[in-house]
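Values in this text are rule-based calculations from the coordinates and carry no lab data. The structure displayed is predicted, hence computed values, not measured ones.
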Amino acid sequence: MDTSIETRRVRDAYLLPYSNNTLLTYTYQLDRWLAWCAGESLEPLQVTRTDVETYIRHLHEELSQKISTVHTALVPVRGFYRFAFNEDLIARDPAAMARRPRLSRGVTDTLGLDRQQMRAFLRAGSERSARDCAIAHLLACMALRSSEACSIRIEDYQQTVRGHRILQFTGKGCVPARMPLPVPVLRALDSAADGRAQGQLLRGRDGQPLCRRGVYRVVGYLARQASISTRVTPHLLRHSSITNALESGASLRKVQDLARHSDPRTTMHYDRNRTSLDDHAVHSLVAFLSGEAGYRVDAALDEVADIDRPELPR
């Protein structure tokens, strides 16, 4: 059998269980790897660990991709070879021990919206239209992904459990999810339904179900109306929802349930206050060592500003 045909067969078999956005992402990233192999005259089912590491350096150093982006690109590549190895199609898994740039979960460059910006965004949605108000509440208050919001049907939130209206939907990875609907969110959804008893909740002007691209456009428009200078996306709103929930005093476990993360470390990764300057432990330490119980950050900054700095040599 032609090797290229064999590679395609293994590729298709590996991707078979996936669907929707996961399938699109995995297909794109895996095909990028296969295209790179073709450009390097490498047979994908005969590559070595060194070849995989060369590809990793290509992504990180030559294409200047972020470490997190590189890790995302490697997920289907590693899965492809793990599948081939488990099916006895290759003698060794070349990606299993490939060295990758270390991904730090402690610091994130993404700064979510603060409480006032989130409130301004929700207010902009309320002033725009019933549909846009529903989008704003689903993303900012429920931490839904854009694809999840688009999938909501009116029938999905008609059930009442212990006095709570429940929203049921299929989340990332085809995992069923169930969340209670706070009154403001329920009102927004009912307004968007506009008396309908079934069908897709979010629709475009043509009456067809709204797509993810449409949600992105709505989010961008509402952010501009709210005078938010930051580029706002559905993912940033989800990030902001998680961060603000933590700031509100909700426990990590409860926020993990809100975000539907299987690993609490993923939830912590979203918490921008882990790198907060105002609440950093260094301030408490200095106050303790100096014996100043009333030590304040703003007063300390004033003192720093008053320090005479030596003139630099010309």
- request: Grab the DSSP H runs of the chain that are 4 residues or longer, score each as -39,500 (n - 2.57), total them, divide by all residues and round the 222 nm result to the nearest 500 deg cm²/dmol.
  value: -16500 deg cm²/dmol
task: Can you bin segment 115-274 into rounded, prolate or oblate? Criterion: square roots of the alpha carbon gyration tensor eigenvalues sorted a ≥ b ≥ c, rounded for a/c under 1.5, prolate for a/b above b/c, oblate for the rest.
output: oblate
- prompt: Hey, how many Å between the Cα centroid of segment 140-155 and the Cα centroid of segment 24-39?
  reply: 30 Å
- prompt: Relative contact order of segment 115-274: what whole-number percent is it, with Cα pairs under 8 angstrom and at least 6 residues apart?
  reply: 26 percent
message: With N set to the number of residues, divide the alpha-carbon radius of gyration of the chain by 2.2 N^0.38 Å and report two decimals.
response: 1.26
